[in-house]
Amino acid sequence: MPRKTHVPGRRAYSPCSANFRSRTRLSAISSASSAESWSTEPLQGFISHINSSYSGFQFSTTKGFFNVMSIAGYSAESLSNRFRSHYCGLLNPSFEQTEVRLGGWVHRIRDHGGLIFIDLRDHTGICQLVIQPEREELFGKAEQLHAESVICVRGTVVRRSPATVNPKLASGEIEVVLSDISIESNAQPLPFPVADELPTSEELRLKYRFIDLRREKIHQNIIFRSRISGAIRRYLEEKGFIEIQTPILTSSSPEGARDFLVPSRLHPGKFYALPQAPQQFKQLLMVSGFPRYFQIAPCFRDEDARADRSPGEFYQLDMEMAFIEQDDLFAILEGLMEHLVGSMSQKRITQVPFPRISFRDVMNRFGSDKPDLRIPLEMQDVTKLFVNSGFKVFASNTKEGCCVKALVLKGRGNESRLFYDKAEKRARELGSAGLAYIQFKDEGPKGPVVKFMSEDELSALKAELSLETGDVVFFAAGKWEPTCKIMGGMRIYFGDLFELDRDELSFCWIVDFPMFEYNEEAKKVDFSHNPFSMPQGEMDALDTMNPLDILAYQYDIVCNGIELSSGAIRNHKPEIMYKAFGIAGYPKEEVDKRFGHMIDAFKLGAPPHGGIAPGLDRLVMILRDEQNIREVIAFPMNQSAQDLMMSAPSEVLASQLKELCLKIDLPPAKEEKK
RNA sequence: GGAGCUGUAGCUCAGCUUGGUUAGAGCGCCUGCCUGUCACGCAGGAGGUCGCGGGUUCGAGCCCCGUCAGCUCCGCCA
């Protein structure tokens, strides 16, 4: 494609500082993109109504026009046309006496009889419009307006008298005295208010999501999400990543979560599946020689919802890199997170590089593979103190595979009985048989298990755990992993006693996950995570070690108790793969049958590679302090995976089913109980 | 599949513990008044199958059973 010389658009900067800054930034981006995409074709229809008297630009190309439109979504760029010359929230005294055209939604109306105020809201904020008594012709129009009507107005920016300045509004030093109103859309009374951000039932919010999205908080969340996506793209492209889209219609795989299936018309009786993640595609892209891949990838899993798990679909920042080791990937992710947090939030990361904790350690210390490191509590192992104890409950759990765990709360040894009873109730909810504890009071140790312990054991405990008078220690004993998890649950329960810093982001890497685990039900060794992960020590480890002791290059990234992603350095060597599957009890033939296309690819020239896929929705949730994932998704489904606005899922026409050779065979309706 | 919480006016909620006049409040809506408000103010008005079904009772918004819906959790999430 021949490139023509770039002709810059006409510019007329306002002296207003805020607007000036944003336009300056915009012009740099626009120039760059226009230079890339210049074409000589004029776009007469679209361009003719773009009036450049206030805005900075006049565009003459399709691409230039749309590039800037997309940027205008979050910058202060003001497109000037018959509807609007300025944005409400950006007006300030520097526009005094300027004739402006504004378009937006009626946020509130205050009708004083002889004088009407309208708060007009657009994407940028609110400004106050005034209808003066001498403008009688406007009163009739204004009096019929409801909240949330869309109007376009003309008027003059005037400075408010000092007594009437509204410090709550960014535009509170000015108001716009109207000369004309045009009602584009007079709204009927709404099912719930936009201006008062009152709590509203989730059902209504979802059904009328387009109204809910007008509310400032969620509106800003969606803008923020867009900006995060943009920042991710710019950062990763600069680091040599290539954005590649992978199929949405693909094949079903029996592993993992349930698939969403899509019937095939051309192949009756066969189905596509929506991808649970582009896992295989991204590994194949490495085999294709792309050094670094990324995609903000939709992932579909037919699983039940949670507060941090949207049912059906979610987005991952999917990444994969060739010729890397675990540390290389960690450095890239740490750089990206540092960049995003630093440039887009007020939060700070506790420690960079992020701490790395082995799976064994994190379970022993925090009782979870997704610890909230902000909670200043850590479990301790006291198994060895009770090997010969007279307290059978503990002594019987000192053998191999079992443990006794202690959790100390400093200065909580003199709480009311209720405090300890509630803690025990919580422990039972978590699956514990009970919750032993010892209060170290002025008069000595107290608690239900003290009588089973010798003086020596109590003083050994005191020394081992550095206990002081006024402290309390809780115990759990049993098999290693469940016991750790129960105490981990208690650690979170007691975490409420501490005020956590909401602006702190305590990232960490959990590393050294075991490659295999023993499946008690099937009485065999199983993969504990992704079978495609590379075992640490590679073939040598598989040949010589006890399978249950082999670790994998498998890792999780965790922030404030939320798992953002798993990832792994992949196993790209077919012989190691066959060996690993063999240990898990899969013969070569079966591996070929189930994963043949992957293994074939790895036989045809595969580089070492690895990757990760942080959940974008969860990342945005954390950065925006949201407790529910729906708050960062424009059109989410409800808990039972229905779209209440679009009425999905829905029945389809019989003719559609017939074309797909499908018959509906519902289970019989439940018998009425008598 | 299981458990918990919630369901009363268009919206947000009170009333339910201890069944008993005509089921209330704020916001919104309608009518009228109001020239400096910014959650404007003032006066008046309309608006209810108390989620739905059954039961107990002389009588149920309230008690019991079932059911539906929303949320949260467990299971599930290679």
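For the condition assigned to a loop (DSSP other than H, G, I, E, B) and among the hydroxyl-bearing types (S, T, Y), what is the one hit in A:S179, A:S171?
A:S171
Quick one: would you say A:S288 is within 20 Å of A:V632 (Cβ to Cβ) and among the hydroxyl-bearing types (S, T, Y)?
No: the conditions fail for A:S288.
Do you know which of the residues in segment A:300-329 that are within 10 Å of RNA strand B (Cβ to nearest atom) and part of a loop (DSSP other than H, G, I, E, B) is surrounded by the most Cβ atoms within 10 Å (Cβ to Cβ)?
So the residue we want is A:S310.
Within segment A:352-367, track down each residue that is under 21 Å from A:I492 (Cβ atoms) and either touching a residue at least 60 places away in the same chain (Cβ under 8 Å) or of a type in the set (S, T, Y) (or both).
Taking segment A:352-367 as the starting set, the residues that turn out to be under 21 Å from A:I492 (Cβ atoms) are A:354-355, A:357-367.
Scanning segment A:352-367 gives A:F354, A:P355, A:I357, A:S358, A:F359, A:R360, A:V362, A:M363, A:N364, A:F366, A:G367.
Output the residue which, of all residues in segment A:557-593 that are in contact (Cβ under 8 Å) with a residue 60 or more places away in the chain and part of a helix (DSSP H, G or I), is farthest from A:K347 (Cα to Cα).
Among residues in segment A:557-593 that are in contact (Cβ under 8 Å) with a residue 60 or more places away in the chain and part of a helix (DSSP H, G or I), the one farthest from A:K347 (Cα to Cα) is A:I583.
Restricting attention to segment A:191-201, report how many residues are surrounded by 15 or more Cβ atoms within 10 Å (Cβ to Cβ) and near RNA strand B (Cβ under 7 Å from one of its atoms). Show your work before the answer.
Here is the first cut: in segment A:191-201, the ones surrounded by 15 or more Cβ atoms within 10 Å (Cβ to Cβ) are A:192-195, A:200.
Now restrict to residues that are near RNA strand B (Cβ under 7 Å from one of its atoms): A:192-193, A:200.
Residues meeting the conditions: 3.
Helices (runs of 4 or more DSSP H) wholly in segment A:413-523 with at least 2 residues that are in contact (Cβ under 8 Å) with a residue 60 or more places away in the chain and over 40 Å from the mean Cα position of the chain (by Cα) - which ones? Full working, then the answer.
On the way: elements: A:417-429, A:455-464, A:480-495.
The qualifying helices (runs of 4 or more DSSP H) are A:455-464.
Take the residues in segment A:208-218 that are among the basic types (K, R) and more than 12 Å from A:L190 (Cβ to Cβ), then tell me which one is nearest to RNA strand B (Cβ to nearest atom).
Here the residue is A:R209.
Among the candidates A:S226, A:S185, single out the residue that is in contact (Cβ under 8 Å) with a residue 12 or more places away in the chain, in contact with a Gly (Cβ under 9 Å, 6 or more places away or on another chain), small (G, A, S) and under 20 Å from A:T124 (Cβ atoms).
Numbers: A:S185 fails: in contact with a Gly (Cβ under 9 Å, 6 or more places away or on another chain).
The unique qualifying residue is A:S226.
Across segment A:622-637, what is the number of residues that are crowded, with 17+ Cβ neighbours inside 10 Å and either within 11 Å of RNA strand B (Cβ to nearest atom) or not in a helix (DSSP H, G or I) (or both)?
Taking segment A:622-637 as the starting set, the residues that turn out to be crowded, with 17+ Cβ neighbours inside 10 Å are A:622-624, A:626, A:629-633, A:636-637.
Adding the requirement that they be either within 11 Å of RNA strand B (Cβ to nearest atom) or not in a helix (DSSP H, G or I) (or both) leaves A:624, A:626, A:629-631, A:633, A:636-637.
Count: 8.
Identify all residues within segment A:262-299 that are more than 16 Å from RNA strand B (Cβ to nearest atom) and either assigned to a loop (DSSP other than H, G, I, E, B) or loosely packed, with under 14 Cβ neighbours inside 10 Å (or both); write none if there are none.
Of everything in segment A:262-299, those that are more than 16 Å from RNA strand B (Cβ to nearest atom) and either assigned to a loop (DSSP other than H, G, I, E, B) or loosely packed, with under 14 Cβ neighbours inside 10 Å (or both) turn out to be A:S264, A:R265, A:L266, A:H267, A:P268, A:G269, A:K270, A:S288, A:G289, A:F290, A:P291.
So in segment A:139-156, with the set limited to residues that are away from RNA strand B (no atom under 12 Å from the Cβ) and of a type in the set (A, V, I, L, M), which one is surrounded by the fewest Cβ atoms within 10 Å (Cβ to Cβ)?
Checking each candidate, the answer is A:V150.
Readers should treat all values here as calculations from the given coordinates under stated rules, not as data from a laboratory. The structure presented is a predicted model; accordingly, all values stated were derived computationally and were not measured. Please note: Cβ atoms are built from the backbone with ideal geometry, for glycine as well, and neighbour counts cover all protein chains shown.
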